[in-house]
Amino acid sequence: MSKKSGIVDLSRRSLLRGAGAVSVAAIAGQALAQTAIDELINAPRRGNWDDQFDAQASRTVTAVASNTPMISGNSATNMQQAIAQYQAIVSNGGWPAVNPQVKLRLGVTDPSVQALRQRLMISGDLPQEAGMSNSFDSYVDGAVKRFQARHGLPEDGVLGEFTVKALNVSADVRLNQLNTNLIRLQSMSGDLGPRYLMVNIPAAYVEAVENDSVALRNTAVVGRIDRPTHTINSKIYEVILNPYWTAPRSIVEKDIVPLMQKDPTYLTRNNIRLIDGQGTEVSPESVDWFAPKAPNLMFRQDPGKINAMSSTKINFHNPNNEYMHDTPQQGLFNKLMRFESSGCMRVQNVRDLVTWLLRDTSGWSRQEIERVISTRQNTPIKLAQEVPVYIVYITAWSAKDQVVQFRDDIYQKDGDAQLALQANIGVEQVSGSIEDDLLPQ
């Protein structure tokens with residue numbers, strides 16, 4: 001038996017053991033997929049479809065984001081319902097490919113819009129009442145944005161290269177992706193606790209979850225494929241405000257010494273001090289940077305705005321020297337593909353997350369956190385109660401709102417090259433230390 005068929009068989013056995021709700025979902029999914037085209041063909045005519053523009057369509061159809069956690073106690077059941085829906089879609093022939101000869105966006109009229117409408121209807125992104133037409137109207141615009149949101153793409157309503165690629169992943173491949181991730185979710189089926197942090201690597205975001213609701217959802221930058229962020233169940237035990245950054249020996253030898261040979265002001269410009277074994281600061285001018293071996297000194301960057309970790313470092317127990325941190329390079333969070341680190345996780349709006357983590361640690365209000373950061377004084381803070389953190393690799397899920405979401409298989413673990421899509425386009429493959437990406441330039 002192949003791995004793929006084994007996964008599907010496992011899912012079917014799980015479905016047979018599932019609650020009645022799963023059977024109902026399967027029947028409903030079959031009915032939806034089987035009648036989609038018939039209803040379109042037989043629908044009463046509503047005049048010229050090209051004129052169907054609804055000012056609210058683009059706003060109301062995009063409601064994909066919610067305060068529902070990606071993983072909860074019901075995750076496996078929700079996934080089984082999604083699998084039933086996609087099994088029905090597959091059994092009824094899947095969806096058509098979308099191959100436009102022009103870039104499709106709001107206001108465009110082109111014959112390929114009909115295939116796009118059909119594709120979006122079958123996946124549940126476009127209401128069947130929107131009808132068939134060559135016109136890319138506001139109903140289609142809203143549906144495309146909803147599809148983009150479900151696949152972690154920019155919600156611009158434009159069929160660019162990445163959106164077309166995601167649209168053209170076949171229904172049976174998506175079904176296998178759901179089955180693969182059902183197994184991953186089943187391994188997380190225990191009690192996660194009333195308050196925890198969830199990092200989903202393929203989605204490149206962090207969820208702070210409390211009482212089965214997302215209190216914060218923060219964009220992140222995670223590890224690239226050759227220096228991946230590791231999956232782990234752990235606990236956050238410490239927040240450091242104004243952290244020092246200490247360069248690993250490998251970076252000192254490979255990067256900093258050559259930089260100092262070219263530019264003797266490099267350390268001073270980047271507020272990196274040299275500290276000897278007795279804790280005494282050593283002047284860079286007293287070091288022979290062309291010696292056969294790098295100096296046996298600590299290279300430590302002062303806290304501050306240009307510090308590689310900026311204002312914050314968040315420590316959790318792990319054997320890989322990985323952690324979460326702030327960054328002076330805030331523009332990284334605007335990128336579509338945020339898989340550029342060497343394993344550590346940069347977190348956008350990290351001060352919101354720190355405030356949430358320190359809620360039960362006396363004396364650390366948001367106001368006090370900001371005051372201490374402004375002093376630029378290194379301040380380690382032990383959490384009064386350690387917070388569980390789950391770093392997971394989930395490329396497909398369905399929460400209780402029944403919105404099925406997919407992400408790129410950035411580490412190529414799902415067994416199908418199509419699912420990697422654009423994950424590694426434009427990402428320089430660099431080997432080296434976990435902290436290579438923190439080297440000040």
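Brief remarks on what is shown
- Per residue, in Å², the accessible surface of region 220-332 once ligands and nucleic acids are set aside, probe 1.4 Å: 47
- Greater than 25 Å apart at Cα, pairs in K145/K400; K382/K413; K313/K400; K103/K145: K382/K413; K313/K400
- Efficiency of FRET from Cβ geometry, R351 and D276, R₀ 25 Å, rounded to 0.05: 0.15
- Cα-centre dipole for region 127-177 with unit charges at Cβ (Lys and Arg positive, Asp and Glu negative), debye to 20: 200
- 11 Å cut-off, amide nitrogen to a point 7 angstrom out along Q261 Cα→Cβ, residues in region 267-302: 289-294
- On full extension, the segment bounded by N296 and S91 gains 67.2 nm, given 0.36 nm per residue less the C-alpha separation.
- Accessible surface of region 83-223 [probe 1.4 Å, protein heavy atoms]: carbon and sulfur percent: 48
- Residue order for E285, E340, E386 - accessible surface, 1.4 angstrom probe, largest first: E285, E386, E340
- Summarising the amide proton neighbourhood of I236: residues at separation of 5 or more, or on other chains, whose placed amide H is nearer than 5 Å comprise V387, V389.
- Selection from V144, L120, I183 lying farthest towards where the dipole of region 114-205 points positive, charges on Cβ: I183
- Taken one residue at a time, the phi angles of region 87-92 give Karplus couplings (6.51, -1.76, 1.60, θ = phi - 60°) of 4, 5, 4, 5, 5, 9 Hz. Gly and Pro are set to x.
- Under 14 Å, Cβ to Cβ, from G304 - net charge with Lys/Arg +1 and Asp/Glu -1: +4
- Our estimate of slack between S286 and S170, defined as 0.36 nm per intervening residue step minus the Cα-Cα distance, is 35.4 nm.
- Neighbour net charge for R366 - beta-carbon separation under 13 angstrom, K R +1, D E -1: 0
- Förster radius 41 Å - calculated FRET efficiency between T379 and S66, Cβ distance, rounded to 0.05: 0.70
- Accessible surface area normalised per residue over region 58-199 is 35 Å², counting heavy atoms of protein chains with a 1.4 Å rolling probe.
The values are calculated or read from the model by the stated rules, or taken from the named source; none is laboratory data. Since the structure is predicted, the reported quantities are computational estimates derived from the model, not experimental observations. Positions of Cβ are backbone-derived with ideal geometry, glycine not excepted, and every protein chain shown enters the neighbour counts. These accessible areas exclude ligands, DNA and RNA; they are computed on the full protein's heavy atoms, side chains included. Shrake-Rupley method; radii C 1.70, N 1.55, O 1.52, S 1.80 Å.
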